[in-house]
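The values are calculated or read from the model by the stated rules, or taken from the named source; none is laboratory data. No experiment lies behind these values; they were computed from the predicted model shown. Note that we place each Cβ from the backbone using ideal geometry, even for glycine, and neighbour counts take in every protein chain shown.
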Amino acid sequence: MSSEFWRGKRVFVTGHTGFKGAWLSLWLAEMGAVVTGYALAPRSHPNLFELAKVADLVSSEIADINDQATLDQALRASEPEIVFHLAAQALVRESYQDPVQTFAANVGGVVTLLDSVRRIPSVRAVLVITSDKCYDNREWVWGYRENDRLGGRDPYSASKGCAEIAARSMQMSFFAPFVLGGHPARIATARAGNVIGGGDWSDDRLIPDIVRGCLGARGEVRLRSPNAVRPWQHVLDPLGVYMTIAERLATAPDGIDEAWNIGPEHGDDRPVVKVAEAMVAALGTGKVVCEEVANGPHEANLLQLDCEKARSKLGWRPRLNFDKSIQFTAEWYAAWHQGRDMVDFTRAQIAAFEAVNHDTTAVT
């Protein structure tokens, strides 16, 4: 990832009002990129998009990803060179409540975006963000590789598997190098594990639930699946490699325009209860209460990624280990709780992350 590369680049970010999209848009703007964001209005209040004043740094279009006329207009007006697609319905439990909207956003949104992109000649690279839950999860003890079977039992996971298939189909039908005379933009997908960090207030997500519980009047967090194991990582780690992939797509795309797993170092996976206990300790307040729900909707108990391809072909390693990821996350929420200036604090965390030396291993 090169700051020099991003300076002055025209970048289009869908989902810029969401948790990951707001962090990415802020980071790109800090590096001098000219960012246009396209998304629905923030769903939660508070939210990172408003607290970090991302709208002051980007051109922001509030609209639905499947509103193709508006999307076409936004792309034509901004003439982006790089596109990051993060707009999605991002919650497993919500997918049970509204499967139609989940598939429309997560699958239809990919097709709509790539169909629009193929009419925008300025675009050189597109990175579609899906999820580690795109795999047909058999709860193996080893990590899934990029060529393992896609699938999903719950609507969210299935929609992410479908999104991968849809992206590949659009790529091979309309874009170079698969189609002679096709649009020259190179396309890749990224499958990240469970992402944590400051500024997430989504419903039914672990870190926001911990913050709401431990910093609220109740003073406790209740866990419905305490023993579920996930590949946790700080939000800045996958965002950093997203930018690396996009840069490589735009400059040396051969061998890059494919799927990529992005996750923590082997052994940094943790059960939910360990994440909760670490966050409570880092926040210095609250307690953990385990209350497993026997009749709730199905959620996988074990999911792990094999990220060797990103390490060997991109030379990427995560900068923050589990403990440091928890520390960064807890410090952000503590600063917010104390009424600090979250614009300055969020920028300072990006700078601190960039300063981490990660030549061989994640920081300890």
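What to note about this one:
- Restricted to region 65-97, and to residues there that are touching a strand residue (DSSP E or B) at 6+ places or on another chain (Cβ under 9 Å) and of a type in the set (D, E, K, R), the residue that is surrounded by the most Cβ atoms within 10 Å (Cβ to Cβ) is E81.
- Among the residues examined, S202 does not qualify as surrounded by fewer than 17 Cβ atoms within 10 Å (Cβ to Cβ), of a type in the set (S, T, Y) and within 29 Å of A22 (Cα to Cα).
- Residue tally, condition in contact with a Pro (Cβ under 9 Å, 6 or more places away or on another chain) and under 14 Å from V110 (Cβ atoms), over region 159-184: 2
- The one condition in (1) assigned to a helix (DSSP H, G or I); (2) among the β-branched types (V, I, T); (3) under 19 Å from R168 (Cβ atoms) that T102 fails to fulfil: (3)
- Just one of the listed residues (R119, R168, R138, R153) is surrounded by fewer than 24 Cβ atoms within 10 Å (Cβ to Cβ), of a type in the set (K, R) and in a helix (DSSP H, G or I), namely R168.
- Some residue of region 178-200 being in a helix (DSSP H, G or I) and either farther than 30 Å from E331 by Cα or modelled with pLDDT under 95 (or both): no
- The requirement of being at pLDDT below 95 and closer than 17 Å to P238 by Cα is satisfied by E265.
- In region 231-252, the residues that are in a loop (DSSP other than H, G, I, E, B) and either crowded, with 19+ Cβ neighbours inside 10 Å or under 11 Å from the mean Cα position of the chain (by Cα) (or both): P231, W232, V235
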